[in-house]
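Quick note: the coordinates plus some simple rules give every number you see, no bench work behind them. Model, not experiment: these values are computed from the prediction. Cβ coordinates were reconstructed from backbone atoms using ideal geometry, including for glycine residues, and neighbour counts include every protein chain displayed.
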Amino acid sequence: MPETKGDLTMAVKDIAEAVAVFDRVKVVELVEAEIAAKTEIDEILNAGLIDAMDIVGKRFSSGELFVPEMLMAAKAMKAGLEVLKPHLSAGAVAAKGTVVIGTVKGDLHDIGKNLVALMMEGAGLEVVDLGVDIDAEKFVKAAVEHNAGVVALSALLTTTMPTMEIIVAAIKEAGIAVKTIVGGAPVTEAFADQIGADGFSTDAPGAVELTRKLLST
Amino acid sequence: MNRAITNFDQKMLGSIHNYSLELLNDTGIRFPNENAREIFREHGFRTDGEMVFFKEKDIRMALNTVPSSFTIKARNPAKDIQIGGDNYMMAPGYGPPFIIEPSGEKRNALLDDVHKFCKLVQTSQYLDFNSSIIVQPTEVPQETAHLDILLATLLMTDKPIMGSSSSGIAAKDSLKLAELVWGNTDEPVMISLVDSLSPLQYAAEMVDSLMVFAEAGQPVIVHSSCSLGSTGPITIAGSLVISNATTLAGICLAQLINPGTPIVYGLGGSPTEMKTGGYVNASPEDAKHTAIVTALGRYYNIPCRSQGALTESFCLDYQAGMESAMMLTTAALSGANLSLHACGTYGSMLGMSYEKFIADEDLCGAIKKLMQPVEFTDDAFSMDMIKELGTSGNYLMEMHTLKRCRSEFFMPELSIRTIHNKWLEMEPRDITERAAGILAKRFAEYEKPEIDPDIEKHLVQYVNTRKGL
Ligand code: B1M
């Protein structure tokens, strides 16, 4: 048996390899083949898709991979995940946690927010992107509706940072068990603490790491 | 000649224009603002949901009514500025919410910083007008911060101001304050920046402010810019078409509201840092946009805007100097009519620095000197003197030299021009510390410009009332 297991792992590793070179078609093919071969679904998910994104994440952080390459890898991983989803035990995906993300009311800057959202997706998180110009009510509603673990707020204007405070307060007031994180160029750690957010990150990889941490506590 | 920044012939500019028309007609521009769409519809434009579609003749008509030059009045008439033609006007940083200290530390900008920078603008030999967000003061209520800045620029300087475009309300506040100073706003007394939202759309609040300024006939810089590779194609050509189409749509709206509204045409484009997704705006690609925007400005016969002395650096190092000089020199030499961010900005426009402001003034001065035409008068040829001195001359002893010795050459304030051992002995030698010395002098020599006490009272009253004080 160990040999077969070894072979299977090798095949699963191929999935990881295909993700790393962002070959979406091959990822889908390989995942389908593994399912047909009755490989354990968890193994395909963890050793194939999630591990691959960890590698991709590391390569991105070290500057080896460029953003579009990292995003394409994330897309490839998502395609594989879609194939896998019907076979996952209920809640297995949701267990990783859902993130509701958006740029706050009055603010239309979304390049950074999009990047954070895409990288979160790439890390296997379920992301609900509300877009830009989002007020407290919409954040609260989406957090409840999607049973979110984290609400992520982005702002690029000093004039819209106070809105973050309003949203964080509204979420607390709504009494939902969800963590809040904030970010964006003018946002600082001190500001995040001051408004009672649960976390802050200066960049997208940091936001992913932070979210994972918050979701596992 | 086929240098990269001069190879814009009419055919190439025409193709940017034609592709822009194609986008305006086929894809349209999003105006999430019912009032604006109503105006378009009244003029027979096709709309679909929030999208507005433009025909070639609409754009042509709009371009026909844009003035090729105009004057913005200053509180001190000697400081009025002329926008267009050969003129090149400079304003300091726009929008940074942080101050970068000489230590490299970053802190939130405060209203006190706005005041200090106003002193520097007023005492600047080279800056021609104010910025409406020289820094964003973070400790004051944000919904009225624009009033604090407007009041400061009006009271502490007598140079032309920028209006606040952050919302329709802010635009109206700008006009109200100007009315208190000038009695009316019949002539241009400010200029404001309206940014579109790439790709191919405007934010509702920006449109509101564009409409307020256009109704009042006050000049607007209509600016579009893609982050190459994220909000637009990675290629300059593709992004240019998006930005040009979007800017033309904004110009069109202003001209429908009030034909003849003075416009400054603006487009930019900055690379997305492909390793991080960050925004880079002191790059050869940015500089190329500057060259192209000026060529397009001439193509449309509209004054044009460029970025200023931008850098990605956070201190007065080689990178800051190199990038700032590349950006501002390109703007000046390719014919920009005005630059924001001419002084003081660091790190992608997010930080403002006092010391960089002083260093950039040297750059502005050098560039203004570089742009001046060489004097070819009889006195400048000085033929009699040359013949008289022949081969034996010592021109240092001549009256001609004496008369001009204080004015002929550009004299930097901060840059050094000395010999090595003098430099070694210099105290302080570090450029940032030397800039601090100049700053202290500038703050000391600042005098508040005269203003009618009644006007001052009314301005303060207006701002206080609006702030609920
Ligand atoms: C939830 O957890 C997290 C965690 C991390 C998070 C996070 C959330 N969100 C972000 N992060 C972090 O991760 C990301 C990736 O590493 C990073 O995201 P960033 O968004 O920081 O980084 C992006 C990847 C790249 N960066 C960017 O995309 C922003 C770049 C700059 C130049 C910028 C841009 C591009 C734009 N702008 Co605007 N703009 C500026 C910006 C200056 C700057 N250097 O930041 C800034 C923010 N803008 C400013 C201004 C004034 C304005 N802008 C405006 C408009 C625009 C454009 C439309 C032209 C365009 C936005 C296009 C778009 N679709 O987003 C206007 C406002 C519109 C509005 N209501 O929102 C307007 C008011 C200008 C005007 N008069 O028209 C200034 C802010 C002043 C202030 N502090 O209040 C500004 C600093 C530039 C300046 N000096 O003027 C991190 O911050």
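Could you tell me what percent of the DSSP beta bridges with both partners in region B:88-224 are antiparallel, to the nearest 5? Kindly include the intermediate steps, with their values, before the conclusion.
Values: 4 of 10 bridges.
Around 40 percent of the beta bridges assigned by DSSP in region B:88-224 are antiparallel ones.
With angles folded into 0 to 90 degrees, how steeply does helix B:10-26 sit against the dominant principal axis of chain B? Use alpha carbons for both and round to 10.
On a 0 to 90 degree scale, this one is about 30.
Run the dipole for region A:94-215 about the Cα centre, Lys and Arg Cβ at +1, Asp and Glu Cβ at -1, nothing else charged, and hand back the magnitude in debye, nearest 20.
Values: 9 positive and 16 negative charges, 51 e Å.
Result for region A:94-215 is approximately 240 debye, rounded to the nearest 20.
Rounded to the nearest 20 Debye, what is the dipole magnitude of region B:64-371 about its Cα centre when Lys and Arg each give +1 and Asp and Glu each give -1 at the C-beta?
Values: 17 positive and 29 negative charges, 109 e Å.
Charge dipole, region B:64-371, about its Cα centre: 520 debye, nearest 20.
Along the charge dipole of the protein assembly as shown, Cβ charges K/R +1 and D/E -1, which of A:119, B:87, B:39 sits furthest on the positive end?
With unit charges placed on the Cβ atoms, the residue in question is B:87.
Below 23 Å, Cα to Cα, which lysines can residue B:387 reach? Residues fewer than 8 away in the same chain don't count.
Straight-line reach from residue B:387, under 23 Å: B:403.
Residue A:105: which lysines have alpha carbons under 22 Å from its alpha carbon, excluding same-chain residues fewer than 8 sequence positions away?
A:113, A:138, A:141, A:172, A:179, B:172, B:467
Using only Cα positions of region B:17-90, each an equal point scatterer, no hydration layer, compute I(q)/I(0) via Debye at q = 0.20 Å⁻¹ and quote the log10 values to two decimals.
Treating every Cα as an identical point scatterer, log10 I(q)/I(0) equals -0.85.
Quick check on chain A: what are the equivalent-ellipsoid semi-axes from the Cα gyration tensor, as sqrt(5λ), descending, whole Å? Please report the intermediate quantities before stating the final value.
Details: eigenvalues 241, 64, 35 Å².
They are 35, 18, 13 Å, listed from largest to smallest.
Nearest 5 percent is fine: what portion of the DSSP beta bridges confined to the protein assembly as shown is antiparallel? Please report the intermediate quantities before stating the final value.
Numbers: 16 of 58 bridges.
Counting DSSP beta bridges with both partners in the protein assembly as shown, the antiparallel share is about 30 percent.
Calculate for the protein assembly as shown the 222 nm mean residue ellipticity that helices alone would give, adding -39,500 (n - 2.57) per DSSP H run of length 4 or more and normalising by residue count, nearest 500 deg cm²/dmol. Mind showing how you got there, number by number?
Working: 27 runs with 334 residues, N = 686.
Value at 222 nm, helices only, nearest 500: -15000 deg cm²/dmol.
Among the lysines, which fall within straight-line cross-link reach of residue B:356, defined as a Cα-Cα distance under 26 Å, with same-chain neighbours fewer than 8 residues apart omitted?
B:79, B:106, B:116, B:119, B:159, B:288, B:368, B:369, B:422, B:441, B:448
What is the dipole size for the protein assembly as shown, taken about its Cα centre, with +1 at each Lys and Arg Cβ and -1 at each Asp and Glu Cβ, in debye to the nearest 20?
In debye, rounded to 20, the protein assembly as shown gives about 720.
Using modelled amide H (1.01 Å from N, peptide plane; none on Pro or chain starts), what sits under 5 Å from the amide H of residue B:197, excluding residues fewer than 5 places away?
Residues meeting the criterion, in which the H sits 1.01 Å from N, are B:202, B:203.
How far is it, in nm, from the label point at residue B:107 to the one at residue B:388 when both lie 7 Å from their Cα along the line to the Cβ?
It works out to 5.9 nm between the two label points.
Can you give me the orientation-averaged projected area of the convex hull built on the Cα atoms of the protein assembly as shown, in nm²? Working shown, then result.
On the way: hull surface 154.7 nm².
Average projection, Cα convex hull of the protein assembly as shown: 38.7 nm².
Taking the Cα centre of the protein assembly as shown as the origin and placing charges on Cβ (Lys, Arg +1; Asp, Glu -1), which of B:464, A:184, A:83 is farthest toward the positive end of the dipole?
Of the options given, the answer is B:464.
Could you state the principal axis extents of the C-alpha atoms in chain B, from the largest down, to the nearest angstrom?
Principal extents (largest minus smallest coordinate, Cα): 78, 60, 49 Å.
Percent relative contact order of chain B, based on C-alpha pairs within less than 8 angstrom and at least six residues apart?
Details: 924 pairs, mean separation 80.3, N = 469.
The normalised contact order for chain B reaches 17 percent.
If neighbour count is taken as other Cβ atoms inside 10 Å, put B:363, B:350, A:84 in order from fewest to most. Provide the component values of the computation, followed by the final result.
Working: B:363 25, B:350 18, A:84 21.
Going from least to most buried by this count: B:350, A:84, B:363.
Can you run phi through the Karplus equation (6.51, -1.76, 1.60; θ = phi - 60°) for region B:142-150 and list ³J(HN,Hα) in whole Hz, with x for Gly and Pro?
Each residue of region B:142-150 in turn: 5, 6, 10, 4, 4, 5, 4, 6, 4 Hz.
For region B:109-114, take each phi angle, set θ = phi - 60°, evaluate the Karplus expression 6.51 cos²θ - 1.76 cosθ + 1.60, and give the result in whole Hz per residue in order, putting x for glycine and proline.
Using θ = phi - 60°, the values come out as 6, 10, 4, 4, 5, 4 Hz.
Where in chain B lies the longest segment free of chymotrypsin sites (Phe, Trp or Tyr not before Pro) that are both loop residues by DSSP (not H, G, I, E, B) and have at most 10 other Cβ atoms within 10 Å?
Working: sites that count: B:376, B:409.
After excluding every exposed loop site, the longest remaining stretch is B:1-375.
Classify region A:94-215 from the C-alpha gyration tensor, please: rounded if a/c falls under 1.5, else prolate or oblate depending on whether a/b exceeds b/c.
Numbers: a/c = 1.35, a/b = 1.13, b/c = 1.20.
Because its axes are fairly even, with a/c under 1.5, region A:94-215 counts as rounded.
Could you work out how far helix A:136-145 tilts from the main Cα principal axis of chain A, as a 0 to 90 degree angle to the nearest 10?
Computed tilt is about 30 degrees.
Please name whichever of B:278, B:142, B:190 sits farthest to the positive end of the charge dipole of chain B, dipole taken about the Cα centre and charges placed at Cβ: Lys and Arg +1, Asp and Glu -1.
B:278
Based only on the alpha carbon positions, what is the Kirkwood hydrodynamic radius of region A:5-87, in angstrom? List each step's numbers first, then the result.
Values: mean 1/r = 0.0815 Å⁻¹.
Result for region A:5-87 stands at 12.3 Å.
Using modelled amide H (1.01 Å from N, peptide plane; none on Pro or chain starts), what sits under 5 Å from the amide H of residue B:268, excluding residues fewer than 5 places away?
Under 5 Å from the amide H of residue B:268: B:224, B:225, B:226.
How many percent of DSSP beta bridges within chain B run antiparallel, rounded to 5?
The antiparallel fraction comes to roughly 40 percent.
For each of B:405, B:315, B:252, B:226, count neighbouring Cβ atoms within 10 Å of the residue's Cβ, then give the residues from fewest to most. Please list the in-between numbers first.
Details: B:405 10, B:315 19, B:252 25, B:226 28.
In increasing order of surrounding Cβ atoms, one gets B:405, B:315, B:252, B:226.
What FRET efficiency, computed as 1/(1 + (r/R0)^6) with R0 = 22 Å and r the Cβ-Cβ distance, is obtained for residue B:400 and residue B:368, rounded to the nearest 0.05?
On the way: r = 24 Å, r/R0 = 1.09.
Once rounded, the FRET efficiency stands at 0.40.
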